[in-house]
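The values are calculated or read from the model by the stated rules, or taken from the named source; none is laboratory data. No experiment lies behind these values; they were computed from the predicted model shown. Note: ideal-geometry Cβ built from the backbone for every residue, glycine included; neighbour counts use all protein chains shown. Please note that ligands, DNA and RNA were not included when accessible areas were found on the heavy atoms of the full protein model with its side chains. Shrake-Rupley method; radii C 1.70, N 1.55, O 1.52, S 1.80 Å.
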Amino acid sequence: MKLSKLIFALVPVILLAGFAFAGEAAPAASILPKQFGGWQISGSSRTSDDPAVADPVNAAVLKEYGFTNFESATYTRDDGRKLAVKAAQFADASGAYGTYTYYKTREMLSEQIGDGAASMNERVLLYRGNIVVDAVFQKLSAMSAAELRELADGFPLPTGNTRNLPDLPAYLPKQSYVKNTAKYVVGPAALQKVNSPLPSELVDFTLGAEVVLGNYNSSSGEATLMLISYPTPQIAADHLRRIDAAHPRSSQVPDGSPMAAGAILQGPIFDKRTGPMVVIAAGPLSPDEAKALLASVNYDANVTWNENTSFGKGASMAKLVMNGIILSLVIAGLALVAGVAFGGLRILAQRLFPGRGFDRPQSREFISLRLSETAPEPLSDGVSPSIKAG
């Protein structure tokens with residue numbers, strides 16, 4: 001009896017220990033290939049699902065963008081050159097794009113690699129689907145870009161809506177834009193580090209807000225244009241009132257505002273709402289320049305159908321044939337049911353009302369030509385005896 005109690009007491013402990021061991025033993029998923037473009041991986045790669053391993057300084061930022069796992073490795077070639085590669089994977093392509101804009105600096109040059117890339121000296125930053133890669137060459141060559149293209153093309157693309165990029169950055173006007181200054185932000189940690197004209201308390205990311213910022217040249221220097229997208233126009237209008245209340249012209253914060261006491265904006269700002277977006281212009285802008293910059297942003301509601309289908313041309317033809325067969329079976333079934341119903345109704349009428357309705361003697365007679373009987377001989381004048389006069 002005591003032995004059975006001891007066994008029952010030890011079972012939960014053993015199970016918990018097994019679960020803990022399994023959790024520790026499960027490695028993070030691999031992202032990087034063993035070889036690409038003549039590069040061979042040297043030693044073993046390092047994998048982790050902790051954003052602090054990928055970037056200890058910006059771990060909170062990576063978490064906001066939907067960080068899932070990380071891998072770093074060193075590659076070598078036969079000539080002894082080395083290439084250090086770091087790759088971070090995110091829950092969707094929007095997170096990868098936001099991380100790419102966060103790390104990209106204005107000094108970088110644009111490159112045609114993956115879905116977007118920028119380089120500075122031996123460093124190349126790129127993103128493909130939901131993966132961001134930071135590659136540092138020991139020495140560049142004429143084929144370095146082509147080698148990274150091969151690496152990027154080998155990454156699997158996300159499926160469904162996780163492959164879609166955010167629409168908000170497309171609303172940034174191109175005129176007077178300072179290149180490589182666009183930043184896509186989805187959380188307060190990143191907003192705090194990109195020199196935003198608004199604090200995160202006013203933006204209120206808890207409601208699903210998205211932000212994109214860009215710098216623009218003005219007559220007195222560089223100004224900042226900030227677009228905040230909210231789920232509905234009503235939420236945007238409410239937050240615009242809160243922003244106006246926090247303007248230096250006002251010393252009061254409206255009731256219900258999530259701002260902390262004393263969180264009043266510094267410096268002049270200009271704002272407006274267009275659809276579910278709040279547009280902020282801040283910096284050394286004259287009223288006319290601010291008005292022109294705000295007027296260049298206008299929300300346009302586009303309805304798109306992006307439901308994924310798994311049917312190609314061959315599958316579509318097979319589906320058409322199958323639907324035709326199903327339709328034929330349905331029609332045949334309806335005809336059979338109608339025939340049985342009509343016959344059953346006739347039999348029921350004969351039993352309930354014998355001699356009437358469908359079973360009357362005259363209704364059973366029909367016209368017969370009697371062609372099998374011997375036809376009468378015609379008269380000499382060719383007139384049939386049945387119609388002979390008199």
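Counting just the residues of the stretch 63-109 that are small (G, A, S) and more than 25 Å from the chain's Cα centre (by Cα), which one comes out surrounded by the most Cβ atoms within 10 Å (Cβ to Cβ)? Per the stated criteria, the residue is A73. Cβ separations smaller than 7 Å between residues 6+ apart or across chains give the following pairs from the stretch 226-240 residues that are more than 22 Å from G283 (Cα to Cα) and aromatic (F, W, Y) to residues that are assigned to a loop (DSSP other than H, G, I, E, B) and open to solvent by less than 50 Å² (accessible area, probe 1.4 Å): Y230/A209; Y230/P276.
Any residue at all in the stretch 145-153 that's in contact with a strand residue (DSSP E or B) (Cβ under 8 Å, 6 or more places away or on another chain), more than 30 Å from S218 (Cα to Cα), exposed (fewer than 14 other Cβ atoms within 10 Å of the Cβ) and not acidic (D, E)? Looking for residues that are in contact with a strand residue (DSSP E or B) (Cβ under 8 Å, 6 or more places away or on another chain), more than 30 Å from S218 (Cα to Cα), exposed (fewer than 14 other Cβ atoms within 10 Å of the Cβ) and not acidic (D, E), one finds none in the stretch 145-153, hence no.
The condition of being in contact (Cβ under 8 Å) with a residue 60 or more places away in the chain, open to solvent by less than 20 Å² (accessible area, probe 1.4 Å) and under 17 Å from S94 (Cα atoms) holds for only one of A209, A190, that being A190. Of L157, L125, all but one fail to be within 29 Å of L213 (Cβ to Cβ) and loosely packed, with under 14 Cβ neighbours inside 10 Å; the exception is L157.
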